[in-house]
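Laboratory data are not the source of any read-out in this text; all were calculated from the coordinates shown. What you are looking at is a predicted structure, and each value in this text was computed from that prediction instead of being measured. Here Cβ is always computed from backbone atoms with ideal geometry, including for glycine, and neighbour counts include all displayed protein chains.
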Amino acid sequence: MDTLRDLWKVEISWMQATQGLLLAFALAFLWATVYRKTHSGVAYSRSFFLSIVLVAPIVSMIMMAIGSNVALSLGLVGSLSVIRFRTVIKDTKDMTFLFFSIGLGLCCGANAWLIAVIGTALMSLITIVLSRIGHDGAASSDYILVFRSDRKTPWETVPPEAQRLISWKQLRSATDVNSGGDFEFTYNVRLASEAKPESVVSALHSNGGIRQVTLIAPENHLDL
């Protein structure tokens, strides 16, 4: 009987445990909603949204179970070492959202509810503001330009109007594809503030010395 009583012994009340788990779920749902509203990739993963929501109450429950028990904490480390997560998170921003959800669970499980509430409010506000002001505008205008020309210095034939659409360029490679009769060039380019990719391709196509123009967005612009 004493063993059974020890199994039901907890350092916090049932009311505290329920409140902590509900608070972890509510704050994680709010944080996941911020992720969904500010997500800018091509593919939105609902499973990752659910992961953000569920991780916080799970971590909170584990923290409540461990409490100040050193033996349980060591056993938890050993059991978690068996788990292997095979999913690769491509975007570092997604990893940050998941890490904050873990932090929410730690705070709620340790009864640091005020820290969890204030932290969620501030981080949500900062995330929304950064997504609205376009802090990554410079990076989003970087592209890879590929075209062919029969000239070794093709930019000399590009009209000034078309050149003004590109604020910066750097040659990555030049390939002789026809024994000196045709060349393929690859550039890193940055578009001007008001320039659109479609207008750049059209302007370069209008030049007779350049053909087969392709403008490619770098991999870090996409979430496939």
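This model, with +1 at the C-beta of Lys and Arg and -1 at the C-beta of Asp and Glu, gives the stretch 139-219 a dipole about its Cα centre of some 120 debye. Each of S199, S101 has some number of other Cβ atoms within 10 Å of its Cβ, and from fewest to most they run S199, S101. Distance between the C-alpha centres of the stretch 163-182 and the stretch 114-132: 45 Å, rounded to the whole angstrom. Model label sites at I118 and M15, defined 7 Å from Cα along the beta-carbon direction, differ in position by 2.5 nm.
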